[in-house]
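First comes the structure, then the notes that go with it.
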Amino acid sequence: MSETRSSMRRYTLWLLIAVELLMSFSFFGYFHIEPISVTTAYIPVLLAGALTGPMEAVAVGAVFGLTSMWKASASYVMASDQLFSPFFSGNPWGSLVLSLGSRMLFGLATGLLYLAVRRLRHPSLGVGLVSFLGRTIHSFMVYGAMALFFPEAGYGPADAFSGFFSPATIAANLIITGIVLVFWNFAHSQTMKRFQRRLALSRSMQMEERYHRMSLILVMLVTLTAAFGVTFYFVHRIDYVLTVNGIVLSDTSYADVLHLQIQFLFGIISMMVLVILFLIINRRYNTWMAYEARLDALTGALTRRAFFQACSRTLKTLSQQEGPLGYFIMLDLDFFKDINDTQGHPEGDRALREVAKALRDSFGRDCLISRLGGDEFALLICSDISKPELEVTLRHFMERIHRITFGQRGLTCSIGALPVRPDCAPEQLYLEADRLLYTAKEQGRNQYVIGN
């Protein structure tokens, strides 16, 4: 589950970075609805703190700061906005702290506050309160940096609280609070938890599409290079068209046009990232759906056909390795018919479900588990587990299922285990492990037999 959360945190972080870029380089970051104006570019920072953690909020805050610094680095912006640019403010280090440092500190502060309120009895109330104060906290960081490095601008930390109780400010804060709470509640909903578990199972069964990292990096570099090539070409053609029509751009105007075109470029790239993330997650979810169709509805184990297909693929990979290749295991519950006859089929179904869960918990993710039919299970262990280690695991597993009781009796099973040999077909392993299983039954049941 920790790996699942880590994977979702990464997806969420990249998604919020893309959203931050899109909002910063479009009208989504600031819009006006009479009689209020709502600044929304800091919302992804709040979402990062609420949904992931402080470090992710700092990362998104850094993107927020870098975009504001870029937008301020143009001759057409107002003098007060140019304070955020190291190239125009006259105090480069001060501008870096103002643009970048204050936004990263904002992310850290809100991230830590969200982390603290998660421990409350009613965390949603705490999340709502931090979100309501988010705009003020952001203004406090920015105005504090301006007072420290640009006192001539006339702003100070107290300005962050100016108009805090005005209807427009309260309305804007309530909008932001509502947005964060919607995503917070969805992230903690049962629907999202099921979605995360399905992604985790897709990863654990190694059924998702594998993206070659070097190939992906190469494609990204080629795409970025082409995008910048198009950007510079487009600006050059604008300059040419204007010149043909008698309008000559100065060096400053040319730089401003290029500046705007690069903003447009990053806005498009952010939308591409959002689409790519959606496609990756959607592909993995669809992979899970295809995988789920191959599962036994009662136990969640692979069906017989899916198991032997997966075994064939796995054995081809294992045959290329040196050393021990794992084990093929057959398992049959002892006197299972008595459960259905004396306790009823619902109790029998419960026993099968708990046995399947015990197999997953005992043998981990490095194995394929199948319910072949009735009370018969099969496993292919895909790790180089030694015979003594296997015996310890089998004993622990048998002790665990003995605690699954029906009436006054505990459940027992008989097991046959066979070492996997190179170039051995799944059907052959199945037949030999099945013979070992019946040897265990003939010797009195409730035991295992490991072949050579």
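The values are calculated or read from the model by the stated rules, or taken from the named source; none is laboratory data. This structure is a prediction, so every number in the text was calculated from the model and none was measured. Backbone-built Cβ (ideal geometry, glycine too); neighbour counts: all protein chains shown.
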Review point. Among the residues of segment 422-452, which ones are under 13 Å from Leu333 (Cα atoms), touching an Asp or Glu at 6+ places or on another chain (Cβ under 8 Å) and either surrounded by fewer than 14 Cβ atoms within 10 Å (Cβ to Cβ) or not aromatic (Phe, Trp, Tyr) (or both)?
Key: Leu437, Lys441, Arg445, Asn446
Check your understanding: Which ones in segment 418-452 are among the basic types (Lys, Arg) and assigned to a helix (DSSP H, G or I)?
Key -> Arg435, Lys441
Review point. Can you name every residue in segment 52-66 that is of a type outside the set (Gly, Ala, Ser), surrounded by 22 or more Cβ atoms within 10 Å (Cβ to Cβ) and over 11 Å from Ser102 (Cα atoms)?
Key: Thr52, Glu56, Val60, Val63
Check your understanding: Does Ser312 meet the test of being outside any loop (DSSP other than H, G, I, E, B), among the small types (Gly, Ala, Ser), surrounded by fewer than 16 Cβ atoms within 10 Å (Cβ to Cβ) and assigned by TED's automatic domain parsing to the domain that holds Arg409?
Key -> yes
Check your understanding: Restricted to segment 379-396, and to residues that are loosely packed, with under 14 Cβ neighbours inside 10 Å and not charged (D, E, K, R), which residue is nearest to Ala301 (Cα to Cα)?
Key -> His396
Exercise for review: Name every residue in segment 285-303 that is surrounded by fewer than 19 Cβ atoms within 10 Å (Cβ to Cβ), over 10 Å from Ile369 (Cα atoms) and not hydrophobic (A, V, I, L, M, F, W, C), in order of residue number.
Suggested key: Tyr285, Asn286, Tyr291, Glu292, Arg294
Point to revise | Some residue of segment 341-356 being touching a Gly at 6+ places or on another chain (Cβ under 8 Å) and more than 26 Å from Phe308 (Cβ to Cβ) | key: yes
Check your understanding: Does Ile179 satisfy being within 30 Å of Tyr285 (Cβ to Cβ) and at pLDDT below 95?
Key -> yes
**Study point:** Residues of segment 414-452 satisfying the condition of being among the basic types (Lys, Arg) and either modelled with pLDDT under 90 or not assigned by TED's automatic domain parsing to the domain that holds Asp334 (or both)
**Key:** Arg421
Check your understanding: Restricting to segment 387-417, what's the tally of residues that are part of a strand (DSSP E or B) and either hydroxyl-bearing (Ser, Thr, Tyr) or more than 19 Å from Arg360 (Cα to Cα) (or both)?
Key -> 5
Check your understanding: Taking segment 182-222 as the search range and keeping residues that are of a type in the set (Val, Ile, Thr) and at pLDDT 80 or above, which one is surrounded by the fewest Cβ atoms within 10 Å (Cβ to Cβ)?
Key -> Thr191
